[in-house]
Amino acid sequence: MARIILGREEFRRKVLGCWIGKNVGGTLGTPYECQKGVLSLSFYDPVPTEPLPNDDLDLQLVWLKMLEDRGHDVTVDDFAEYWMKYLSAYPWNEYGFCARNLERGLKPPVSGWFENYYVDEMGSPIRSEIWACLCPADPQRAAALAWMDSAMDHAGGEGTWGEMFWAAVESAAFVESDPLTLIEIGLAMIPPSSDISRVIREAIWCRASGQTWAEARERVVTIFGNNQPCNAIQNHGFTIIGWLYGEDFGDKLCKAVNCSYDTDCTGATLGSVLGIIGGVESIPEKWIAPIGHGIVLHRFTGKFDSPKTVEELTDRTIALAESYVAGVSPDVAFGAATALPPDMLGLLSRTSLAYAASARDVRAATVRTGDATISLHYNGDPVLRPALSREIDITAEYQGQPSPVSDVTVGAPAGWVVTQTGTSRFSVTAPSFDKAVKLTVAAVVAGTQRSAKFTVLSPGEATGYAAAKGVPSCPKCGGRIGACICE
């Protein structure tokens, strides 16, 4: 099967377009975030003098750092480590609950859904570009990495499907430009029954059926609207409406943002998509000139050697992409000039890696141990009620692939009853307890003895959390209590 060859100079123009488009769209929309009335923007208002800080970009800069430090073989455990190093001050919605769960000892993907009302929000769909740039012209692989990212704070929710969709769309956009073809590729990676899929298909139907922009926006709000302005479902409809109804780069961004709600996210994502498709040369200078080429971090983002300009970000992204494509992407390569095989759309439409990722058990906590991972499947909440037995399962991966386990044991505190009922299945019964407990799992994986610890909460530590309410934040700096930047 012929490979997709990506010309290095063209790839650089597209990556640079991605990051500049991200800054442009995010800056356009940020002043209007969470408004619900129809807007009438045709340009920045107010006109900025630099890009506005945006978590849409900042979280991806942390993943850039993680990938530079850890290489190709990252796991959800690596994401958790870097989240707590550099992102733990963010208190907002799903971000705050991710950090709260990680501090309680819960590992991803359990950290992403347990007592987290906000799994259907925009926090992970806005982090898709790094995976597209890392896996250009390899949508299924980009979508699989997006699943891993979203497991931190959106596991099992619509936010996961949104990030997988956009990662695939943006990956394919390095070699394909037709919007409907790109959208079809993205939709193939996610469940057709998901509301993200449904709202995107509705926006396509509106455009094909002759509905006006205003009518399409009204249908999305009426049928899919949510009181939470950052809910991912309605905002995906708005982004697609802007893309399909807009006449040029600026008009597409403005139409998406003018739908209102999570405007920085819809603008930033669409700006990235358009920047990849057309390269940096397709972004009119009038949109770039007010914000320049700098990167302005949000105050809640921890300090590290983050890129200072979009050019530096582009160069570091390309270095990672070169290494990643050479190491794990068999059907894509870099060369002097782009060359596309006749069966390119067939290659772009493969879904097996995305499907395998989305089939992973979100009720299983995962811990890295050397070049392997061990997962404990809670088969329910990460909570044990006294005197009620719970069956748990142990699985493992070695170098990113499922691996058999042997000689498995589960260690528990004195007074707990642990009975092995299968090769890697155990029944666990706890006495009364009031503080989190660690279960120690030991197993042979790929011929090596490994061990990992997993947290079990008592019923008193998991009494629920009010829906649509965030974690406590500092009244002075606004950061999450416990990771306050005042301190």
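Take the residues in region 169-179 that are touching a Phe, Trp or Tyr at 6+ places or on another chain (Cβ under 9 Å) and farther than 27 Å from residue 40 by Cα; name whichever of them is surrounded by the most Cβ atoms within 10 Å (Cβ to Cβ). Across region 169-179, the extreme among qualifying residues is 171. Restricted to region 237-306, the set of helices (runs of 4 or more DSSP H) holding at least 1 residues that are among the aromatic types (Phe, Trp, Tyr) comprises 249-258, 285-288.
The rows are residues; the columns are (1) over 23 Å from the mean Cα position of the chain (by Cα); (2) within 25 Å of residue 100 (Cα to Cα); (3) exposed (fewer than 13 other Cβ atoms within 10 Å of the Cβ).
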site	(1), (2), (3)
365	no, yes, no
368	no, yes, no
388	yes, no, yes
392	yes, yes, no
410	yes, no, no
416	yes, no, no
425	yes, no, no
429	yes, no, no
434	yes, yes, yes
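Of the residues in region 130-149, none is modelled with pLDDT of 95 or more, within 15 Å of the chain's Cα centre (by Cα), part of a helix (DSSP H, G or I) and under 28 Å from residue 434 (Cα atoms). Among the candidates 427, 458, the residue that is of a type outside the set (A, V, I, L, M), farther than 26 Å from residue 116 by Cβ and touching an Asp or Glu at 6+ places or on another chain (Cβ under 8 Å) is uniquely 427. Inspection of region 406-421 identifies at least one residue that is in a strand (DSSP E or B), of a type in the set (Asp, Glu) and not assigned by TED's automatic domain parsing to the domain that holds residue 352.
Restricting attention to region 94-120, the residues being more than 13 Å from residue 152 (Cβ to Cβ) and of a type outside the set (Phe, Trp, Tyr) number 5.
Of the candidates 385, 350, the single residue that is in a loop (DSSP other than H, G, I, E, B) and in the same structural domain as residue 145 (by TED's automatic domain parsing) is 350. Considering region 180-224, the residues that are outside any helix (DSSP H, G or I) and under 27 Å from the mean Cα position of the chain (by Cα) include one that is surrounded by the most Cβ atoms within 10 Å (Cβ to Cβ), namely 189.
The values are calculated or read from the model by the stated rules, or taken from the named source; none is laboratory data. This is a predicted model, so every value here is computed, not measured. Don't worry about glycine lacking a Cβ; one is built from the backbone with ideal geometry, like all the others, and counts go over all protein chains shown.
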